[in-house]
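The values are calculated or read from the model by the stated rules, or taken from the named source; none is laboratory data. A quick note: this is a predicted structure, and the numbers were derived from the prediction, not measured. The accessibility values were calculated without ligands, DNA or RNA, using every heavy atom of the protein model including side chains. Shrake-Rupley method; radii C 1.70, N 1.55, O 1.52, S 1.80 Å.
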Amino acid sequence: MKITTSIYLTVAVGIGLSLASCSASGDYPGTEYAPQMYHSVAYEPLTQITNEEEGKWLSNREDGKGEFFNSNINNPHGMNMREPVANTVPRNKNGILPYRLRIADLEGSALVENPVELSDEVLAEGGQLYIQYCSACHGAQGEGDGKVGEVIGGVANLKGGAYKELPEGHIFHVITHGKGRMGAHGSQMSIERRWKIVHYVKQEIQK
């Protein structure tokens, strides 16, 4: 009986100590399982810290190196970032090239073609995006009579003469960089979404 009691008491004390060691307080984070999962080594893209002793005083790394050591010997040029292959241009997941025309290059924008293939689904999404981002100024039908447009004035009537002749690339460029009273929307929408709005404007509003 005494042996059984001793065993239970030992187990209880062990469990208590284990739970106590896991608790955190003050600057002590408690005992962590696989601490490298919580405190991963940060790799700066353009620089490497090659001194293995850097940050040794606070390191808990399993490899024994300093906390700040972040050198990757497999990457050249003293960088952790791998350089892209020469003479290549990155595309997004849908194969669309980045848009790099400057704000003033309206002439160049007229030559850019819409990379998003037109479909009923694309047109429907373009309509939703137009209502969300454009109708407040341009109005639901594109006539420049949106509630915000009535206040600020000078909003383009997309059904008006010269506007109907604008190429798709020009419209995309203005959505991206803004023009006149219109602010830039390039940071608010992805390239695909902007091109879908262009489809909607040309196919539905300016039809």
Residues of type lysines that Lys93 reaches as a straight line, Cα spacing below 19 Å, ignoring anything fewer than 8 places off in the same chain: Lys196
Stokes-Einstein D for the stretch 40-172, Kirkwood Rh over Cα pairs, 4 °C, 1.567 mPa s (µm²/s): 64
Per residue accessible area of the stretch 99-145, 1.4 Å probe, in Å²: 66
Accessible carbon and sulfur surface of the stretch 29-181 relative to its total accessible area, %, 1.4 Å: 53
4 °C / 1.567 mPa s Stokes-Einstein diffusion coefficient of the stretch 101-196, Kirkwood radius on C-alpha pairs, µm²/s: 94
With eigenvalues of the C-alpha gyration tensor scaled by 5 and rooted, the stretch 102-158, Å: 23, 19, 8
For the stretch 52-116, diffusion coefficient by Stokes-Einstein and Kirkwood Rh (Cα), 37 °C, 0.692 mPa s, µm²/s: 198
